[in-house]
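Q: Here's a structure for you.
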Amino acid sequence: VDLFAGLGNDMLVQWQAIRDGVELQPILQYNEDLLNNTVRRIAEEVNLASVEGRLNIVGLEVSGMPGQVGRTVDVEATRQTLSTLARRGLGGFVELVVEEKLPAILSVDPAVEKAKTVLGRSFILTADTVDGVQRYSADAAKVRQWLTLTPVGGEDGIVDLEVSLDREQVTSFIADIAGQLEREAYDAMLDWDAAAGKVVVLEPSQKGQEVDVEAGVAAVEAALAEPAPIDSGGAIATQQITLTVTTVLPKVDSERVAELGIVELVSEGTTSFKGSPAERVHNIVTAADKFQHVVVAPDEEFSFNKNVGSVSAANGFTDALVIAGDRTAVGIGGGVCQVSTTAFRAAFWGGFPMVERWAHGYVVSWYGEPGMDASIFTPNVDFRFRNDTGHFILIKSAVNKAQGKITFFIYGTKPDRQVEMSGPVISNRQPAPAPLYQEDATLKTGQIKQIDWAKEGLDAVVTRIIRYGDGTSKEEKIVSKYRPWRSVYLYGPGTEIPTQTP
């Protein structure tokens, strides 16, 4: 019964509503999530990322793209404005809250213009040489290899261009030019004409030249630091850079022979090699031939080793007897010390200051009295003296094979001095050791062959007295210490060895 009563009431209320109408009050509900999603979707459509300006340099081509300003919708601020209006039941136009985003690089135009100017530069490098003016081109492509271009951003968003020079590249370019231009200076070849009594030129000298590479690099660097020159047509003009070329004069200038002071014989020295085996004579002649046109400038040193070169088969020398340690043995260049000894004697009698001189290991009979020899062993043991005459000197050797003599001549301007010799004074004599016998399978039974000869050991002091024109004089002692040397014999197997007396 209650069920039908309630249903009847509902139907009555509906019929009255249809007949008379009913006034209803709407119920409003606010959806926050829907508002947020709507604002974010709009922001995605409006937002625009900023674009950084770009400078592109590829080879000699330069291009630039300016930067673009971006924008970003402030979602939270926009949502709050919409929410306030919606809650008040208000509508209308609502402006989005937008923030601008400036790129770090906005303008690249200055950098583009600078790059175009830099990459348009070219150079002509000129060199005033002994063969006339030489020109070398460095076009824009070559100059580009020398440069490093780095964009540098400024606080105002305008990009500048930092230009730096690759000095290694420029140095290599100018060094290549220097390699083509540089030449060595060659001294004149001089000889002494004995018949005419004067110095003569066999081969003329040649001037040399050098290029200052570092100065050339500095000139390029300075030119690039300045604004590019513009020609009358408004284009970038080619710049000219002058390389520094220095003329190198020869030490012995054939155009100034008269000024060298080589006018007379200053001194000479002679030794004898008569009786030397053919191999030793060959080495003496070969070494002496290296001293035909040797010129030494004032205050310079004469070096025997520098002039004789390598004592080797490749330099013309052959095997002969040499001092090797405590033995006399066959080796390349035996006899060369005959030549150095002769050179020493010429310098001795000329009064020249000795810089380096070594005695032999033992007294060598070829050189006569001990104390007047000079041993050499390239490249470490040398004979050297200094030219103190104040003029150039010319050194020549002469070999007389028939007489077995070698002589060194020194020509120049003879100083006002006379040279005398005292000695040698011998001391500290030491007897030669007992002979040494060694079996040699290449010899026959009963055959004995001597390969070394006994020499007593001793000290020898030679005094050189130099008397000057002003009445003064000085004495120089040349000390030589020689070891005792024993005889050495080789014998065939089965040979009876002579009794050795202690």
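The values are calculated or read from the model by the stated rules, or taken from the named source; none is laboratory data. Not measured: the values here are computed from a predicted model. Glycine gets a Cβ as well: all are built from the backbone with ideal geometry, and neighbour counts include every protein chain shown. These accessible areas exclude ligands, DNA and RNA; they are computed on the full protein's heavy atoms, side chains included. Shrake-Rupley method; radii C 1.70, N 1.55, O 1.52, S 1.80 Å.
Q: Compute the helix-to-body angle for 32-46: its Cα long axis versus the longest principal axis of the chain, expressed 0 to 90° and rounded to tens.
A: Long axis of 32-46 versus the principal axis of the chain: about 50 degrees.
Q: Taking the full set of protein chains and a 1.4 angstrom probe, give the accessible area of residue 411 in square angstrom, rounded to the nearest 10.
A: Surface accessible to solvent at residue 411 totals approximately 20 Å².
Q: Considering only protein heavy atoms and a 1.4 Å probe, what is the carbon-and-sulfur percentage of the accessible area of the chain? Don't jump to the answer; show the numbers that get you there.
A: Details: 14650 of 28730 Å².
On the chain, the fraction of accessible area on carbon and sulfur atoms equals 51 percent.
Q: Also: Across all directions of projection, what mean area in square nanometres is found for the Cα convex hull of the range 384-465? Walk me through the intermediate numbers first.
A: On the way: hull surface 42.9 nm².
Its Cα hull, projected and averaged over all orientations, spans 10.7 nm².
Q: Continuing with this model, one more query. Determine the gain in length on full extension of the stretch residue 194-residue 475; use 0.36 nm per residue of separation and subtract their C-alpha separation, reporting nm with one decimal. All intermediate terms of the calculation are to be shown ahead of the outcome.
A: On the way: separation 281, 0.36 × 281 = 101.16 nm, distance 3.29 nm.
Full-extension gain reported as 97.9 nm.
Q: Of the cross-linked pairs 290/477; 114/142; 401/477; 207/290; 290/481, which ones have a Cα-Cα span greater than 22 Å in the structure shown?
A: Numbers: 290/477 30 Å; 114/142 18 Å; 401/477 33 Å; 207/290 24 Å; 290/481 29 Å.
Result: 290/477; 401/477; 207/290; 290/481 exceed 22 Å.
Q: Here's a follow-up. How high is the relative contact order of the range 347-399, given as a whole-number percent (alpha carbon pairs under 8 Å, six or more residues apart)?
A: Details: 50 pairs, mean separation 21.1, N = 53.
After rounding, I find 40 percent.
Q: So what is the relative contact order for the chain, in percent, with contacts set as C-alpha pairs under 8 Å and at least six apart?
A: Values: 1008 pairs, mean separation 50.3, N = 502.
Relative contact order of the chain: 10 percent.
Q: Work through the residues other than residue 490 whose Cβ is under 9 Å from its Cβ and net out their charges, Lys, Arg +1 and Asp, Glu -1. Intermediate results must be reported in sequence, preceding the final value.
A: Values: positive: 449; negative: 439, 440.
Cβ neighbours under 9 Å give a net charge of -1.
Q: Would you calculate, for the chain, the mean residue ellipticity at 222 nm contributed by helices, counting each DSSP H stretch of 4 or more residues as -39,500 (n - 2.57) and dividing by all residues, to the nearest 500? Before the final figure, lay out the partial values.
A: Numbers: 10 runs with 124 residues, N = 502.
Rounded to the nearest 500, the figure is -7500 deg cm²/dmol.
Q: When all protein chains stay in place, what accessible area (Å², nearest 10, 1.4 Å probe) is found for residue 349?
A: Near enough 100 Å² of accessible area.
Q: Let me ask something else. With Kirkwood's inverse mean 1/r over C-alpha pairs for Rh, give me the Rg to Rh ratio of the range 117-275, two decimals please. It would help to have the intermediate numbers written out before the result.
A: On the way: Rg = 26.3 Å, Rh = 20.2 Å.
Result: Rg/Rh = 1.30.
Q: Okay, next question. Roughly how tilted is helix 336-350, in degrees to the nearest 10 and between 0 and 90, from the longest Cα axis of the chain?
A: 80
Q: Going by alpha carbons, how many degrees (0 to 90, nearest 10) lie between the helix axis of 167-181 and the longest principal axis of the chain?
A: 40
Q: On to the next question. What whole-number distance in Å separates the alpha-carbon centres of the range 342-376 and the range 73-88?
A: Cα centroid to Cα centroid, the span is 114 Å.
Q: Here's something else I'd like to know. Starting from the residue with the highest accessible area, list 73, 163 in decreasing order, probe 1.4 Å. All intermediate terms of the calculation are to be shown ahead of the outcome.
A: On the way: 73 10, 163 60 Å².
Greatest to least solvent exposure: 163, 73.
Q: At 1.4 Å probe size, with every protein chain present, just tell me what the per residue accessible area of the chain comes to in Å². Spell out each step's value before the answer.
A: Values: 28730 Å² over 502 residues.
I get 57 Å² per residue for this part.
Q: Would you mind finding the longest exposed-site-free stretch of the chain, with exposed trypsin sites (Lys or Arg not before Pro) meaning DSSP loop and at most 16 other Cβ atoms within 10 Å?
A: Values: sites that count: 88, 207, 251, 274, 401, 444.
Formally, the longest exposed-site-free interval is 275-400.
Q: Now, a different point. Considering only protein heavy atoms, with the full assembly of protein chains and a 1.4 angstrom probe, order 10, 388 by accessible area, largest first.
A: Output order, biggest surface exposure first: 10, 388.
Q: Using a 1.4 Å probe on the protein heavy atoms only, what accessible surface does residue 391 show? Give it in Å² to the nearest 10.
A: 70
Q: What list of ³J(HN,Hα) couplings, whole Hz, do you get for the range 266-283 from phi and the Karplus terms 6.51, -1.76, 1.60, once you set θ to phi - 60° and write x for glycine and proline?
A: In residue order, the calculated couplings are 8, 6, 8, x, 9, 9, 10, 10, 4, x, 5, x, 4, 5, 5, 4, 4, 5 Hz.
Q: Still on this structure, please answer the following. With all pairs of different alpha carbon atoms counted, what Kirkwood hydrodynamic radius in Å does the chain show? It would help to have the intermediate numbers written out before the result.
A: Values: mean 1/r = 0.0298 Å⁻¹.
By the Kirkwood definition, the hydrodynamic radius is 33.6 Å.
Q: Semi-axes, largest first, in whole Å: what does sqrt of 5 times each Cα gyration tensor eigenvalue give for the range 156-240? Working shown, then result.
A: Values: eigenvalues 532, 45, 14 Å².
Sorted largest first and rounded, they come to 52, 15, 8 Å.
Q: Can you give me the Kirkwood hydrodynamic radius for the range 375-425, using every pair of distinct Cα atoms, in Å to one decimal?
A: Values: mean 1/r = 0.0701 Å⁻¹.
Evaluated over the range 375-425, this radius sits at 14.3 Å.
Q: A further question follows. List the residues, sorted by chain then number, that are 5 or more residues from residue 383 or on another chain and whose placed amide H is less than 5 Å from its amide H.
A: Amide H neighbours of residue 383: 304, 305.
Q: Between residue 263 and residue 160, take the C-beta separation as r, use R0 = 60 Å, and let me know the FRET efficiency to the nearest 0.05.
A: Using R0 = 60 Å, I get an efficiency of 0.25.
Q: Moving on to the next point. Computed FRET efficiency, Cβ-Cβ of residue 17 and residue 82, R0 41 Å: what is it to the nearest 0.05?
A: Numbers: r = 37 Å, r/R0 = 0.90.
The calculated FRET efficiency here is 0.65.
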